[in-house]
1. Need pairs with beta-carbon distance below 8 Å; first residue at positive phi and within the stretch 460-486, second assigned to a strand (DSSP E or B) and not hydroxyl-bearing (Ser, Thr, Tyr); sequence gap 6+ or separate chains.
2. Please work out if Asp382 is over 30 Å from Arg336 (Cα atoms), over 25 Å from the mean Cα position of the chain (by Cα) and modelled with pLDDT of 95 or more.
3. With touching a residue at least 24 places away in the same chain (Cβ under 8 Å), of a type in the set (A, V, I, L, M) and touching a Ser or Thr at 6+ places or on another chain (Cβ under 8 Å) as the only criterion, which of Leu87, Leu77, Leu83 stands out?
4. Could you list, in sequence order, the residues of the stretch 239-276 that are over 28 Å from Pro393 (Cα atoms), touching a strand residue (DSSP E or B) at 6+ places or on another chain (Cβ under 8 Å) and either hydroxyl-bearing (Ser, Thr, Tyr) or in a strand (DSSP E or B) (or both)?
5. Taking the stretch 431-448, which residues are without any contact (Cβ under 8 Å) to a residue 60 or more places away in the chain and in contact with a Phe, Trp or Tyr (Cβ under 6 Å, 6 or more places away or on another chain)?
6. Give the residues of the stretch 442-471 that are in a strand (DSSP E or B) and closer than 19 Å to Tyr415 by Cβ, sorted by residue number.
7. Return the residues of the stretch 223-233 that are under 28 Å from Asp382 (Cβ atoms) and either surrounded by fewer than 17 Cβ atoms within 10 Å (Cβ to Cβ) or not assigned by TED's automatic domain parsing to the domain that holds Ala176 (or both); say none if nothing qualifies.
8. Please work out which one of (1) under 21 Å from Met387 (Cβ atoms); (2) polar (S, T, N, Q); (3) surrounded by 24 or more Cβ atoms within 10 Å (Cβ to Cβ); (4) within 18 Å of the chain's Cα centre (by Cα) is the condition Thr236 fails and give its number.
Amino acid sequence: MQSESVPSYQMFVGGAWTQSHSGRNYPVFNPATGRVLAHAPKGDHEDARASVDAAKKAFEDPAWRTMDPSKRGRVLLKIAQTLRERLSDFAKLETTNNGKPLGQAKGDIAMSARHFEYFAGLADKIQGSTIPVPGNRFDFTIKEPLGVTVHIVPWNYPLVMAARSLAPALAAGNTAVAKPASFTPLTLLKFAELCKESGLPDGVLNVITGGGEELGGALAGHKDVRLVAVTGSVETGMKIMEMASASLAKTVLELGGKNPTIVFADADIERAAQGVMNGIFTNAGQMCWAGSRLLVQNEVKDRIMEKLVSGAEGMRLGNGMEADTAMGPLVAESHRKKVSDNVESGVQEGARVATGGKVPDEEELRSGYYYSPTILDDVSHDMKVAMEEIFGPVLTVTPFSDEKDALMKANYVDYGLWAGVWTRDLRKAHTMARELEAGIVCVNEEPLTFPQTPFGGFKKSGNSSEQGMDAMSSYVRVKNVSVNLD
């Protein structure tokens, strides 16, 4: 990397910094100010091929693939330890590039380290099994790494979403090519260098930058790629799955969400209101598992609305580097326009803006990509604004009468990633958790996850689980060996 007033980054391929084959760069912006933060290489098909070639070469070299798994785990643990030591620097870069408040960015970096810590501990616990078969035979299975894996990373959680899939892939002995979102490439590039410093062999992790159209298809459709992990929109996931099918590569897809938070009349309304706020306004609502739909029982709708509107209007918008900032900007001007257009469409459908619904006009916010915390009331469950992902700080509010009504409205959409239930009734909590069509259900809790708990959705929200022991099954292949002992 070069040291300039506006730094120019390079891609990390084969353990070295390299410029794009095209020689082109593109600007990376600070969403809080609208100013150019850095320049990154604009990769092309040649860069995609070079990165896969580097990963394939590293996989064919036994230095990583056949390394003692406990030693491989220690390398991953060293990566986690080094990341924790540099947490502050990574968090500041994440905030500057993504816009989220610094406290949230610190939590993300810590979670990234935690993923590597968790899967470091699993590296030497990837085990096969023995199988009883007829005759004098000994039959057993071996779990082997797949080969080259590709990781297409979103802009809303630039490092933690990369760590979530890279850690199990590397723990299993695979090699990887990671493509960060073009909006937010900086922390993943810096992380690649950290991995080399921590003992990861050259070519095991490669990071290339540029647009999805130029790189996504070239990576997903490459004949030497064995798995593609994607966190993104449904449309992106479907395209990647189609491209990967050419070589029958596995796909791990974590896609969109339109997630319900269900508040019953017997809930602790104070806690529920805060949980709803955190579930939709954290990271400016730019989360696949944001609690973007509030379903509230008729009897307590007015009470919780009063608390939500007051809370939203009391949030301080600002630069994420400022200590009192509660919500930062959206990631880009183009994304802010999409959010705004969705709100306008909802109003045209009949929704009422209870608060927000506009670009703030304060002088200090005008240069950034800010959008006010927004609550839309009078939203029926079948409105477009209640069914399609907005991916911004926009909460829709829909009343319900009883459990049956709540379940119908909660399950009405095409997504099934996360759902929240607020109630003091244990029977009701378990009934809802069983009947909700969601891969993750939180009871009396805002959206919450841990490296050891599965993260994945139903319906159009995805096809796999990431995190936890179940995630390892995606990153290995199973070989059966039968030995005739006669």
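The values are calculated or read from the model by the stated rules, or taken from the named source; none is laboratory data. This one's a predicted model, so the numbers in the text were calculated from it and none came from an experiment. Every residue, glycine among them, receives a Cβ derived from its backbone with ideal geometry; neighbour counts consider all protein chains shown.
1. Every condition considered, the pairs that remain are Gly462/Leu253; Gly462/Glu254; Gln467/Phe455; Gly468/Phe455.
2. Numbers: over 30 Å from Arg336 (Cα atoms): no; over 25 Å from the mean Cα position of the chain (by Cα): yes; modelled with pLDDT of 95 or more: yes.
Considered against the rule, which asks whether it is over 30 Å from Arg336 (Cα atoms), over 25 Å from the mean Cα position of the chain (by Cα) and modelled with pLDDT of 95 or more, Asp382 comes out as no.
3. Working: Leu87 fails: touching a Ser or Thr at 6+ places or on another chain (Cβ under 8 Å); Leu77 fails: touching a Ser or Thr at 6+ places or on another chain (Cβ under 8 Å).
Of the residues listed, the single one that is touching a residue at least 24 places away in the same chain (Cβ under 8 Å), of a type in the set (A, V, I, L, M) and touching a Ser or Thr at 6+ places or on another chain (Cβ under 8 Å) is Leu83.
4. Ser247, Lys250, Thr251
5. Glu437, Gly439
6. Narrowing the stretch 442-471 to residues in a strand (DSSP E or B): 442-443, 455, 458-459, 462, 466.
Correct list: Cys442, Phe455, Phe458, Lys459, Gly462, Glu466.
7. Scanning the stretch 223-233 gives a single hit, Ser233.
8. (3)
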